[in-house]
Protein chains: 2
Amino acid sequence: MKHQLQIKMNEALYLRDPESTVLGKNILKHSVHLIHKQGFEAFTFKKLAEDVGTTEAGIYRYFENKHKLLVYLTAWYWGWLEFQISFQTNNIKDPEVRLRRVVELLATTVKDDQQTSYINESLLHQIIIAEGSKAYLTKQVGEDNKLQFFKPYKDLCAVVGNIISECSPKYKYPKSLASTIIEMAHFQNFFMYNLPSLTDFGKTKKEAEIISFLNDLVFSSLKKK
Amino acid sequence: MKHQLQIKMNEALYLRDPESTVLGKNILKHSVHLIHKQGFEAFTFKKLAEDVGTTEAGIYRYFENKHKLLVYLTAWYWGWLEFQISFQTNNIKDPEVRLRRVVELLATTVKDDQQTSYINESLLHQIIIAEGSKAYLTKQVGEDNKLQFFKPYKDLCAVVGNIISECSPKYKYPKSLASTIIEMAHFQNFFMYNLPSLTDFGKTKKEAEIISFLNDLVFSSLKKK
DNA sequence: GTAAAAAGATAGTAATACTATCATAAAAAA
DNA sequence: TTTTTTATGATAGTATTACTATCTTTTTAC
């Protein structure tokens, strides 16, 4: 039997649940493709409506505006990633081995897993790299946070922070180190491809090197006494 | 005698040099205030024109669009910061002491220095924290990079990367570590105030703790053999 | 004092970001 | 099966944004 993965989303993110209808799923699917292709700034609901084969009003019935849609997609991604991590590190006893696996999962280009038919995780991963920070780098971050929009992101950071603390109970900055490696898994990737002189991987453009860098960063912090 | 600091800006960033006229300087001054107050998304040239006491067309004579203006302000900031760093670390021989000073300068809230009358560095610093990444997180990052828009940022990273290499010539990731601490000096600050559970400083909200975290991160990476 | 450059004033356009309304089709409840 | 509800389609309309164009007046430079 194939298991269908459903990620429980915050209801305040949408006007009508996009996962509950065909049109809604199409909106999600095409918005991933369109944001990936055009970038978030050039992305509009009108273009999206054309791609989906509906009207602008049709999109507005699901999402209040494109910012909410972006927050929805990022929340979905972090929820999905946390599941991947808990699944893939399940049964790993040694916290150090587990942490290495987590770093690897954070920094590895995602393959489209067929479990969720309407969202292409690989494209979504690239969207998160290039646009993800825009979900919270806004003036409404406080209100959005009160509405729990960033809970999946914060949950993932907490999970990673807890593994860090397991490895090294005396380490003083587990949460900040967790948010640092999560952000840097993405930023170093963006820099590598777009502003390569900001990294040491510009020549080879290998993700494996980002993973080595992050592991080195994490484990030198934790092993120092 | 008072020294007036002039930062040499890339000419492709503007249509008319804003530092060469009174109106231009007013545009810079008010855009810092307005972006700080409203956030970059809500910031428009029309509102800016009202604040400055000119018309929309007046602004467009200086800047093609608000994205270019943001890139201008970020470039100005990084140029200014690199000067601060070279000035404040001048004559420090020991690279480790110098690196600590750099980390401190990167993560410390800036005071408005009166050397540049029309730009409030303190507000600009907060703009860079909240909006700075939007300067390069776009689809045009490649073209913008070709036009050298990010040179001041890359130069600063190179300076920091070189100090890292001086401290520890064998360390394999000086550039990535440099971009990591520069980005994290800002992100941890943003998180501390807006999404505090992503950091270990949510309770105290002390910049000094961010500095300690970054120093710990850097020097455990460099001292590990 | 004259020429050139900058700024002010005003107008106009295409696109964006919505809101509203009414008819129809599909799904759920009676 | 019929009725009712709910979702979608089609169309229209508005305020704001992001510009471009033009013409006049003021300021600055030589």
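Please treat every number below as a calculation from the coordinates, not as lab data. In this text the structure is predicted, and so the values were computed from the model without any measurement. Cβ placement follows ideal geometry from the backbone for every residue including glycine, while neighbour counts extend to all protein chains displayed.
Between A:Ala42 and B:Lys93, the C-beta separation translates, for a Förster distance of 45 Å, into a calculated FRET efficiency of about 0.35. Listed values for region A:81-95 are Karplus-derived 3J(HN,Hα) couplings in whole Hz (6.51 cos²θ - 1.76 cosθ + 1.60, θ = phi - 60°), namely 5, 5, 5, 3, 5, 5, 5, 6, 10, 4, 6, 8, 7, 5, x, and x replaces Gly and Pro. Pairs of Lys residues in region B:72-223, spaced 8 or more positions apart or belonging to different chains, with C-alpha separations under 17 angstrom: 9 in total. A cut-off of 5 Å between modelled amide H atoms, ignoring neighbours fewer than 5 places along the same chain, links A:Phe201 with no other residue. Counting only alpha carbon atoms, the long axis of helix B:151-167 and the longest principal axis of chain B meet at about 10°.
Shape class for region B:72-223: rounded, because the ratio a/c of the largest to smallest gyration tensor axis (alpha-carbon atoms, square roots of eigenvalues) is under 1.5.
Positive end of the dipole of region A:1-102 (Cβ unit charges, origin at the Cα centre): among A:Leu15, A:Val97, A:His36, the Cα lying farthest that way belongs to A:Val97. Couplings for region A:139-145, taken from phi via the Karplus curve 6.51 cos²θ - 1.76 cosθ + 1.60 with θ = phi - 60°, read 6, 8, 3, x, 4, 4, 5 Hz in order; Gly and Pro are left as x. Under the rule of at least 5 residues apart or a separate chain, name every residue whose amide H is placed under 5 Å from the amide H of A:Leu15. The answer is A:Phe63, A:Glu64.
Just B:Tyr153, B:Tyr62, B:Tyr193 to compare: in a GNM of chain B, with alpha carbon springs under 10 Å, which one fluctuates most? Highest fluctuation among the options: B:Tyr193. Axis angle, to the nearest 10 degrees, between helix A:174-194 and the longest C-alpha principal axis of chain A: 70 degrees. Less than 5 angstrom separates the built amide H of B:Asp113 from those of B:Glu121, B:Ser122, all sequence-distant by 5 or more or on a different chain. Across the alpha-carbon atoms of region B:67-160, the computed radius of gyration and Dmax are 14.0, 42 angstrom.
Relative to the first principal axis of the alpha-carbon coordinates of chain A, what is the inclination of helix A:22-38, with its axis defined by its Cα atoms, in degrees from 0 to 90 and to the nearest 10? Helix A:22-38 sits roughly 60 degrees off the main axis of chain A.
Computed over all pairs of different Cα atoms, the Kirkwood value for the hydrodynamic radius of the protein assembly as shown is 23.1 Å. Label separation (B:Ala12 vs A:Ser117): 4.7 nm, computed from points 7 Å beyond Cα along the C-beta direction. Calculated mean residue ellipticity, 222 nm, the protein assembly as shown: -19500 deg cm²/dmol, from DSSP H runs (n ≥ 4) at -39500 (n - 2.57) each, averaged per residue and rounded to 500. Distance distribution note for region A:1-108: the fraction of Cα pairs above 18 angstrom is 56%.
Residue by residue, region B:68-74 carries 3J(HN,Hα) couplings of 4, 5, 4, 4, 4, 5, 5 Hz when phi is fed to the Karplus relation 6.51 cos²θ - 1.76 cosθ + 1.60 (θ = phi - 60°); x denotes Gly or Pro.
Of B:Val52, B:Val141, B:Val71, the residue with the greatest mean-square motion in the GNM of chain B, using alpha carbon springs below 10 Å, is B:Val141.
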